[in-house]
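Since the structure comes first, as structure tokens, the remarks are kept for the end.
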Amino acid sequence: MTAVAGDGVLTLRHLDELRATVVAPLSDLDQQIVEVVRPVVMAAATAGRHVVLDLQGVGVVDSAGLGLLVRAHREARSHGASLLLVAPSRFVQTVLHTMRLDGVFPTFPDQPQALECLAGIPA
């Protein structure tokens, strides 16, 4: 199931067979967008669902967006799940590298590869 949520700010898809939620913000991860995306991402992470954050629509991430990534990663890990990033822009990659977080988040070029990785993770 794919749904558009948050007044068109993101798309959301639940994949129960993979215990995953795919969240795709449709614009930059700034404070305003993070306020809409955070509850969705954190609810999935707290429920022990893998979070696939598709960043194809995200060119820029600010400190609020970076904070969301770190918190969601920690929350998912504490519940036996993971946060995977899909298609981060060069800017996002540079920010992650600068903050020494580039090795923290598994990153994939597209959703199918991220989901294929999840298919190999035991439930």
Enumeration of residues in the stretch 87-115 that are in a helix (DSSP H, G or I) and loosely packed, with under 12 Cβ neighbours inside 10 Å
Arg90, His97, Thr98, Pro112
When you scan the stretch 22-34, do you find a residue that is touching an Asp or Glu at 6+ places or on another chain (Cβ under 6 Å) and part of a loop (DSSP other than H, G, I, E, B), even just one?
yes
Every listed condition ((1) within 11 Å of the chain's Cα centre (by Cα); (2) over 22 Å from Pro112 (Cα atoms); (3) buried (at least 16 other Cβ atoms within 10 Å of the Cβ)) holds for Val34 save (1)
Between a first residue in the stretch 102-114 that is without any contact (Cβ under 8 Å) to a residue 40 or more places away in the chain and of a type in the set (A, V, I, L, M, F, W, C) and a second residue that is surrounded by 15 or more Cβ atoms within 10 Å (Cβ to Cβ) and part of a loop (DSSP other than H, G, I, E, B), which pairs have beta carbons less than 9 Å apart while being 6 or more apart in sequence or on different chains?
Phe105/Ser82; Phe105/Pro88; Phe108/Ala87
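Every residue, every condition in (1) modelled with pLDDT of 95 or more; (2) surrounded by 16 or more Cβ atoms within 10 Å (Cβ to Cβ); (3) out of contact with any Phe, Trp or Tyr (no Cβ under 7 Å at 6 or more places or on another chain), yes or no:
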{"site": "Ala5", "(1), (2), (3)": "no, no, yes"}
{"site": "Val9", "(1), (2), (3)": "no, yes, yes"}
{"site": "Arg13", "(1), (2), (3)": "no, no, yes"}
{"site": "Asp16", "(1), (2), (3)": "no, no, yes"}
{"site": "Arg19", "(1), (2), (3)": "no, yes, yes"}
{"site": "Val22", "(1), (2), (3)": "yes, yes, yes"}
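The values are calculated or read from the model by the stated rules, or taken from the named source; none is laboratory data. If you're wondering where the values come from, they're calculated on a predicted model, not measured in any experiment. Glycine gets a Cβ as well: all are built from the backbone with ideal geometry, and neighbour counts include every protein chain shown.
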